[in-house]
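Working notes, beginning with the structure itself.
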Amino acid sequence: MPASILGLGVAAPPHSIERDQSIAFAQKLLFEPPREARVLPALYRMTSVQRRGSVLLEETDGAIIVDQNFYCEADSNDQFGPTTKTRSDLYSCQAVPLGRIAAEAALSESQLASSEITHLVVVTCTGFYAPGVDVELIEQLQLHPETQRVQVGFMGCHGAINGLRVALGLVAAEPNAKVLVVSIELCSLHYQYGWDPDRVVSNAIFADGAGAVVVAGDSADDSLPSLTATGSRLVADTKYAMTWRIGDHGYAMTLSAEVPGLIEAKLLDYIGDWLGRSGLTIGDIGGWAVHPGGPRILRAVETSLQLSESALATSRKVLAEHGNMSSATMIFILRHFMDQSVKRPWLMLGFGPGLEIEVALIR
């Protein structure tokens, strides 16, 4: 049973910094690194990220700076930054305010009263606590106290698709369900000190953001986007290629340089077959909502599926303007599609630890 998307909302932190400021910050967290410090600017330029938002940014004397009490300048090679508890405590303070803004925007566009929401799905991989984001959103959004909850946790950049899959299943089981999906990611809380090439790349691209979607039973209004199918494919023998692990000093992301090559080699057969089950071909897709894990990943998708560079222009725009906001990023892309009236069908496509390919079809 298809499900209609009644509303979309996105939210970025109130402050953001440009790439040069990000480079200067990164250099302060490397202790006496003459060679590495010289490499950083080139590496950051390669990410294509021009500006990123973070809940750790604050305005002081008219300048936007990173909270110096949270990330202190490195004074030894044995410094690893805040403990995981410290980072988690800040998540519990900052996650809901950002998620609430996105949720309120989605509810407003849906024209539903908050009391009409029957199910809440929270998507996050950057922090956990209990009672958690779900309970606080129910209270602050004034959802009904009988709102049923699901949390999709630690699934990474494609997590929005996993959350929408849950919503699609809930609507299929309960046709009168009104589901609010809220993705909240505070990636900047997990910045890693020191020089580890895989983690330095993560430091260079990740950012904070939130997105929300209101999903309900299929509507007679043909102008509304309709979520019709989702899919998942585990690529064999690739568990090493992408990891997201909890350490003593935050969550550490590693991204192997082999990931783009794996995507280029494995994606076409799966996507072609999966679209065929819905009577579609790659050429039928009007909007490609591809998660921008980085420029090389976007190029790998283009090469594998033989897409024009313009097909992923929105993914590149979101990456440049906001960075990689993990699971929230694809909701930002969908927001652009809605605003620009991009021709449907749309295909959401993301990659995460596994190596896992996740897709969703919106007609």
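The values are calculated or read from the model by the stated rules, or taken from the named source; none is laboratory data. Bear in mind that the values here come from a model prediction, so they are computed numbers and not experimental data. Neighbour counts are summed over all protein chains in view; Cβ atoms, including those assigned to glycine, are modelled from backbone coordinates with ideal geometry. To get the accessible areas, we keep the full protein, side chains included, count just its heavy atoms, and leave off ligands, DNA and RNA. Shrake-Rupley method; radii C 1.70, N 1.55, O 1.52, S 1.80 Å.
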Out of the residues in region 225-240 meeting the condition of being farther than 30 Å from A106 by Cβ and out of contact with any Phe, Trp or Tyr (no Cβ under 9 Å at 6 or more places or on another chain), tell me which one is modelled with the highest pLDDT.
L234
Subset of region 1-51, residues hydroxyl-bearing (S, T, Y) and part of a loop (DSSP other than H, G, I, E, B), comes to T47, S48
I'd like to know if region 58-78 contains one or more residues that are at pLDDT 85 or above, closer than 21 Å to H291 by Cβ and open to solvent by 70 Å² or more (accessible area, probe 1.4 Å).
no
Only one of these is open to solvent by less than 60 Å² (accessible area, probe 1.4 Å), over 24 Å from G153 (Cβ atoms) and out of contact with any strand residue (DSSP E or B) (no Cβ under 6 Å at 6 or more places or on another chain): V200, V235. Name it.
V200
Considering only residues that are within 23 Å of M330 (Cβ to Cβ) and among the small types (G, A, S), look in region 36-56 and name the one that is most open to solvent (accessible area, probe 1.4 Å).
S48
Strands (runs of 3 or more DSSP E) fully within region 54-138 counting 2 or more residues that are farther than 23 Å from Y193 by Cα:
57-60, 119-124
Here the residues within region 253-270 that are surrounded by 18 or more Cβ atoms within 10 Å (Cβ to Cβ) and farther than 24 Å from I282 by Cβ are M253, T254, L255
Do you know which of the residues in region 1-35 that are more than 30 Å from L164 (Cα to Cα) and open to solvent by less than 40 Å² (accessible area, probe 1.4 Å) is modelled with the lowest pLDDT?
P33
Residues of region 84-106 being among the basic types (K, R) and open to solvent by 10 Å² or more (accessible area, probe 1.4 Å), in sequence order, are K85, R100
Qualifying position, being of a type in the set (A, V, I, L, M, F, W, C) and modelled with pLDDT under 95, among A265, A257, A300:
A257
